[in-house]
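Q: One structure coming up, written as structure tokens, with questions to follow.
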Amino acid sequence: EVYFQVKCLQPITLNKHLGLFSKGMIGLRWLLSRSGLGASNQFETLGFIRSDQGISYPDIQFHFLPGAIRYDGKSASEGHGFQMHIGPMRSKSRGHVHIRNSDISSAPEIKFNYMSHDDDWTEFRRCIRLGREILSMPAMDAFRGDEIQPGNDVTSDDGIDDFIREHAESAYHPCGTMRMGKANDPLAVVDPECRVIGVDGLRVADSSIFPQITNGNLNAPSIMVGEKASDFILGRQPLAPVNLTPYAATDWQNKQR
């Protein structure tokens, strides 16, 4: 994902709380009463949208933060600001986890291989342009200042690509390194009951077994995997299936919205 940051014309954002004293008071209040700003991660507004016509269900996720903050926790600019975290949800880039040698104490080689598929660049450009469109709505006129990043003058494909290269961050949702599949699938590591293929008495129950990334964040589906694996171990019969049809816009084939 990338951080799309904009200056705020009014002094109402979290940037006024970035000082050491203010952060200390926020932490103290949370410790004493579990309330206040410390009781929220501040990402209380998000959205899932389709980035183009011909896409049947959302492929872009937005998180909105009422502050413009750098990755190290410091203010992104002087004064007040706000930001959107934007990124595609179905990246086609693929990385790997490789064993380096036979020494079990050696860390594996982990390569995320971000942005290695051309479609990811196309989707990220749509993220930036749709983000700008959202912020251009009249409801934001009283708050929207100049862009901190990418910057008002970054409009071309090449300019946006340069911004992505410099500022793309991990959203910390890696998965799929031990995919579930049939026992004869050469790429599968666990079977449909989370058992490691070819190893007795060992199961894996986390997001690493997903054959592909879920369309959203990984926390809830990872909990589901753990609960389902528990049922397998305890021999519980599965619940009756509920075959619900997910919502899809009737005109998705020829309209983006």
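Only the coordinates and a few stated rules stand behind these numbers; no lab work does. What you see is a predicted model, and the numbers here were worked out from it, not measured in a lab. A quick note on method: Cβ atoms are made from the backbone with ideal geometry, for glycine too, and the neighbour counts reach across all protein chains shown.
Q: Relative to the first principal axis of the alpha-carbon coordinates of the chain, what is the inclination of helix 20-33, with its axis defined by its Cα atoms, in degrees from 0 to 90 and to the nearest 10?
A: 50
Q: Within 10 Å, at most 10 other Cβ atoms, and a DSSP state outside H, G, I, E, B define an exposed site. Report the longest part of the chain free of exposed GluC sites (Glu not before Pro).
A: Numbers: sites that count: E44, E78.
With GluC sites (Glu not before Pro) excluded where exposed in loops, the chain gives 79-257 as its longest stretch.
Q: Still on this structure: What is the chain's relative contact order, in percent, from Cα pairs under 8 angstrom and six or more apart in sequence?
A: Working: 393 pairs, mean separation 54.7, N = 257.
Normalised by residue count, the contact order of the chain is 21 percent.
Q: I would also like to ask the following. In whole Hz, what ³J(HN,Hα) sequence does segment 51-58 give by Karplus (6.51, -1.76, 1.60; θ = phi - 60°), x for Gly and Pro?
A: 8, 6, 5, x, 9, 7, 9, x
Q: Then there is this: Go ahead and estimate [θ] at 222 nm for the chain from helices alone: -39,500 (n - 2.57) per DSSP H run with n ≥ 4, summed, over the residue count, rounded to 500.
A: About -7500 deg cm²/dmol.
Q: Return the loop-located trypsin sites (Lys or Arg not before Pro) in segment 1-53 (DSSP other than H, G, I, E, B) with at most 10 other Cβ atoms within 10 Å of their own Cβ; answer none if there are none. Let's see the in-between values first.
A: Details: sites: K7, K16, K23, R29, R34, R50; in loops: R34, R50.
Hits after loop and neighbour filter: R34.
Q: Follow-up. Report ³J(HN,Hα) in whole Hz for each residue of segment 145-152, in order, from the Karplus equation J = 6.51 cos²θ - 1.76 cosθ + 1.60 where θ = phi - 60°; Gly and Pro get x.
A: Going residue by residue, I get x, 6, 5, 7, 8, x, x, 4 Hz, with x marking Gly and Pro.
Q: Turning to a different aspect of this structure: Excluding the sites themselves, what is the longest stretch of the chain that contains no chymotrypsin sites (Phe, Trp or Tyr not before Pro) in a DSSP loop with at most 16 other C-beta atoms within 10 Å?
A: Numbers: sites that count: F43, Y71, F112, Y114, Y172, Y247, W252.
Counting at most 16 other Cβ atoms within 10 Å as exposed, the longest clean stretch of the chain is 173-246.
Q: Another one. Compute the helix-to-body angle for 219-234: its Cα long axis versus the longest principal axis of the chain, expressed 0 to 90° and rounded to tens.
A: 20
Q: Further, regarding this structure: Can you grab the distance from the C-alpha centre of segment 207-257 to the C-alpha centre of segment 95-148, Å, no decimals?
A: 23
Q: Another question about this same structure. What residues have an amide H closer than 5 Å to that of Q256, excluding those fewer than 5 places away on the same chain, when H is modeled at 1.01 Å from N in the peptide plane?
A: Those lying under 5 Å, H to H, from Q256 are Q53.
Q: Can you give the FRET efficiency for D157 and D231, using 1/(1 + (r/R0)^6), R0 = 51 Å, r = Cβ-Cβ distance, to the nearest 0.05? It would help to have the intermediate numbers written out before the result.
A: Numbers: r = 49 Å, r/R0 = 0.95.
Calculated value: 0.55.
Q: Please sort by residue number the trypsin sites (Lys or Arg not before Pro) in segment 134-226 whose DSSP state is loop and whose Cβ has at most 13 other Cβ atoms within 10 Å.
A: Details: sites: R144, R165, R179, K182, R195, R203; in loops: R179, K182.
Counting only loop positions with at most 13 other Cβ atoms within 10 Å, the trypsin sites (Lys or Arg not before Pro) in segment 134-226 are K182.
Q: Hey, another quick one. Can you give the angle from 0 to 90° between the axis of helix 118-135 and the longest principal axis of the chain, with both taken from C-alpha atoms, to the nearest 10?
A: 40
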